[in-house]
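Heads up: the structure comes next, in C-alpha cells.
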Amino acid sequence: MAKTISNRVKTSFLRRAVFSEKLNNPVGYLLLMLASAVMAYVVTMYGVKFGIVILAALMALPVLTGIVGDFKFGITVIIVIGFFTDEITKFVSAPVGILNDGILLLLGISLMLRLIKERNFKPFHHPITVFITVWMLYNIVAVLNPVAATRLGWLYAVRPMAGITFIYFVMAYAVKDFDDAKYFVKVILGLVALAGLYGLKQEWIGFSSAEMAWLHADPLRFMLIYQWGRLRVFSVFSDPTTMGIIFVYITFFIVALMTGPFSKRKKVLGGVAIAVMMLANAYGGSRTPVALIPIGAIYYLILRVNKNTLIGVFAFFILGTVFMLKSTGSGVIYRMQSSFSTNDASVQIRLEHQEFVQPFLRENPFGWGLASIGEWGKRFNKDSWMADFAHDSGFIRIAAELGYVGLFIYMLFLAVSMYFMLKYYFLVKDPKIKSFYLGINLVFFILIISNFPQESIVILPTSLFFNILLAIGVRLKDFDEHYVKYHKN
C-alpha cells in the first residue's frame, strides 16, 4: 500500500514538473545544466560534429513529444517537411521522405491509441473514407502481383501512392472546428506564397551555387530547365511544371476565399500572393499551368454564376486572348503563348506514347507493379523497356503500374470525392465555409485535369495538400449550422 502511494506521488510530481510547469523549475534547471555539461565534454573530446549530433538528439525528444501529443503540431511538421523535401535534397543527400513517413507513422500510432481510448469514430463515418481505404489497400496488396517487375521497388513507390494518403485519417480527426481548418489552410497558403517569392528571387537575383550544381549534375535536367537562352525558375520544387501547377490551383483557391466575407486586409494579401505566384509562373515557362488557367476560370464561372463573375471571366478571356495573339520576341511570353498552339510537338509525342502503350495495358488488368516505370523504374527495373517509357500522365502511370483495375478504383475515388465536395458546396450556407468548399472544388478539378498531361496528384507537396483538403472538406459541413440542422443524416 505504501509503495503504491509512493509511486502515485512520484508520477504526480513528474506530471506536474514536465507538463504543468513545462520544466520551468529546479528539475528543468538541473536537466539543462546536465545537458550543457554533456555537450561541453563531447565537443572537447570528440569535436564539433559529435556535439551537433548530441544537440540534434536533445532537440528531437521534445519535438517528437510535441508531434505525438499535439496533432496540429505534428501535421504542421509533416506539411513543412513535405513542402521543402525537393529543396532539401538539392543541398544534401538525406532521407527526408522517410523522416516524414516516420512522423506520419507516429501520428498514426497515436491516433489508434486515442481511438481505442475514446471510441469516437465519427470523423471517419463517410463514404470517402471507404474509397480512400480501398485505394490504400489495393496499393498494399499490389506487392503480391505475380507479374510485378520489382518487389523492392514497391516498398519505395507505395509510399507516395498510398502511404501519404494516411494523412487523411489524421486530418479528419485533428480538425475539430472551423478554426482548425482555417489554420491548416493558412499554413499551406503561406508556404506557397513564400515559394512564389523565392521563384522571383531566382529570376531577379539568381540561383544559389547549390542549385546550379544540382542543375548541372544531370544533363537532361539542365536541358529541360535551360530553354530559349534562359534558365526557367522552379522555386523550391523539382521542376517548373510542378511549381506552375501548384501556383495555379492555389491561386484559384485564394480567388475562392476572396468571395467570402473575409477582411479587406486578407483579400489584399491574397491579391498580392496571386500576383507573385503568377509572375513566378511566367518565369517558370511551363505550358501546362498556363493552359490550366482558362480551364479553371470556366469551372469557376460554372460554380459561381452571377453578373459580376460573368463580367470578370469575360474580361479575363478578352485580355488573355489579346495577350496570347500579341507578337513578341520575349522567350517568357512565347512559352506562355505556345501553351495554346495546335502545332505543339510535345502534345503529339504524348499522344503517340499513350497509343503505343495501350495494347500492353489491356494485356494485364493489374499492371506491371509499382516502380516498374518512371524514376523508380529506372532504379529498380532498369533492364526493361518500361523503365524508359515516358508515361507523362499520372493516370497512365496508374494504369501501367496498377492496371485498369487500379485505374478504375482511383477514378471512382476521385469521382466520389468531387461529388461530395460539390454537394456540400451547394448545401452549406455559412459564406466562409462555402468559400472554402468553392476553393476545394476548384483545386480538385484543376488537379484532375492536370493529371492527364502531367503526373501531378501523387507527387509532393500536392499529394499532401490533396489529402489534407479532402479531410477538411469531409469535416467542414459539420461546422455549418444550416447543414447540421436540415441535411445531416
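Just so it is clear, none of the values below were taken in a lab; they were calculated from the coordinates. Treat the numbers as computed from the prediction; the structure is a model and nothing was measured. Every residue, glycine among them, receives a Cβ derived from its backbone with ideal geometry; neighbour counts consider all protein chains shown.
State whether segment 127-199 is rounded, prolate or oblate according to the following rule on the C-alpha gyration tensor (a ≥ b ≥ c being the square roots of its eigenvalues): a/c under 1.5 gives rounded; otherwise a/b larger than b/c gives prolate, and the remaining case gives oblate.
Note, shape of segment 127-199 comes out oblate.
Set the Förster distance to 25 Å, then compute FRET efficiency between Leu144 and Thr89 from the Cβ-Cβ distance, nearest 0.05.
0.20
Run the simple label-point estimate for Ile318 and Val268 please: 7 Å along Cα→C-beta, distance reported in nm.
Label-label distance for Ile318 and Val268, simple model: 2.9 nm.
Can you compute the modelled spin-label distance between Leu220 and Leu30, with each label point 7 Å from Cα toward Cβ, in nm?
6.0 nm
By count of other Cβ within 10 Å, fewest leading, how are Ile188, Ile295 ordered?
In order of increasing Cβ crowding within 10 Å: Ile295, Ile188.
Which of the three applies to segment 367-458, rounded, prolate or oblate, going by the alpha-carbon gyration tensor with a ≥ b ≥ c and a/c under 1.5 meaning rounded?
Prolate is the answer for segment 367-458, as a/c is 1.5 or above and a/b outweighs b/c.
Say a paramagnetic label sat at a point 7 Å from the Cα of Arg379, along Cα to Cβ; which residues of segment 157-175 have their backbone N under 14 Å from it?
157-161
For a protection proxy built on the mean count of beta-carbon atoms within 10 angstrom, sort 79-86, 405-412 highest first, please.
Averaged packing, sorted descending, gives the order 79-86, 405-412.
Mind checking the full-extension length gain between Val134 and Ile311? Use 0.36 nm per residue of separation minus the Cα-Cα distance, one decimal, nm.
My answer for the length gained is 59.4 nm.
I need the calculated FRET efficiency for the pair His482 and Gln227, taking r as the beta carbon distance and R₀ as 41 Å, to the nearest 0.05.
E between His482 and Gln227, to the nearest 0.05, is 0.20.
So what's the net charge close to Thr462: Lys and Arg +1, Asp and Glu -1, counting the other residues with Cβ under 14 Å from its Cβ?
My count for the surroundings of Thr462 gives -3.
Among Arg379, Arg475, which comes first, then next, by fewest other beta-carbon atoms within 10 Å?
With the sparsest Cβ surroundings first, the list reads Arg379, Arg475.
Once the piece of chain linking Ile298 and Glu355 is laid out straight, how much longer is it, given 0.36 nm per residue of separation minus the C-alpha distance between them?
Working it through step by step, the gained length comes to 17.6 nm.
Grab the beta carbon distance between Asp70 and Lys122, set R0 = 35 Å, and tell me the FRET efficiency rounded to 0.05.
Here the calculated transfer efficiency is 0.95.
Under a point-charge model restricted to the Cβ atoms of Lys and Arg (+1) and Asp and Glu (-1), what is the dipole moment magnitude of segment 83-144 relative to its Cα centre, in debye to the nearest 20?
Dipole magnitude for segment 83-144 comes out near 340 debye.
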